[in-house]
Amino acid sequence: MNIPSNLKYTKDHEWVLIDGDIATVGITDFAQKELGDIVYVEVETLDQSLDKDEVFGTVEAVKTVSDLFLPLSGEIIEFNDALEASPEDVNTDPYGKGWMVKVKIANASEIEELLSSDTYKELIGA
């Protein structure tokens, strides 16, 4: 299972790439495998400011629909539009082409609450 060490993680199986005051967010390899074939990614919170742990969208798989929780407070400044045409990118490349949103971080201290790759591996038993 792929769990890049340069990323941060949440207990809700999202990954976060921090680049200055911008966070790129997606779901982990573990999450996409648990969900199965992803057929739709919906994010209707573009240009909105949300608090940490608020729902920013949903992922629809063949078997289920799951909420996506924002790992850090901030404004959603970009949605990966490519997922509208090819949501399967989340399955094939969850840490690359399958990213979901970019967030302008409102409270940098929340970064400390995210999990390291090692802590995330322990969480999922990898």
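Data table
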item: Förster radius 22 Å - calculated FRET efficiency between residue 86 and residue 18 (Cβ-Cβ, nearest 0.05); result: 0.25
item: For the chain, with +1 on Lys and Arg beta carbons and -1 on Asp and Glu, the positive-most of 56, 28, 99 along the dipole; result: 28
item: Per-residue HN-Hα couplings for region 21-27 [Karplus 6.51, -1.76, 1.60; θ = phi - 60°; Hz; x = Gly/Pro]; result: 9, 10, 10, 9, 10, x, 9
item: Convex hull of the chain built on C-alpha atoms - directionally averaged projected area, nm²; result: 6.7 nm²
item: Label-point gap, in nm, between residue 40 and residue 55 - each point 7 angstrom along Cα→Cβ; result: 1.4 nm
item: Candidates 109, 86, 73, ranked by Gaussian network fluctuation over the chain, Cα under 10 Å, top entry; result: 109
item: Charge tally in the Cβ shell below 11 Å around residue 99, where Lys, Arg are +1 and Asp, Glu are -1, residue 99 excluded; result: -2
item: Label-point separation, residue 75 to residue 93 (7 Å along Cα→Cβ), nm; result: 2.9 nm
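A short reminder: the numbers here are calculations on the coordinates, not readings from a lab. Owing to the predicted nature of the structure, the values given are computational and were not obtained by experimental measurement. Neighbour counts run over all protein chains shown; Cβ positions are idealised from the backbone, glycine included.
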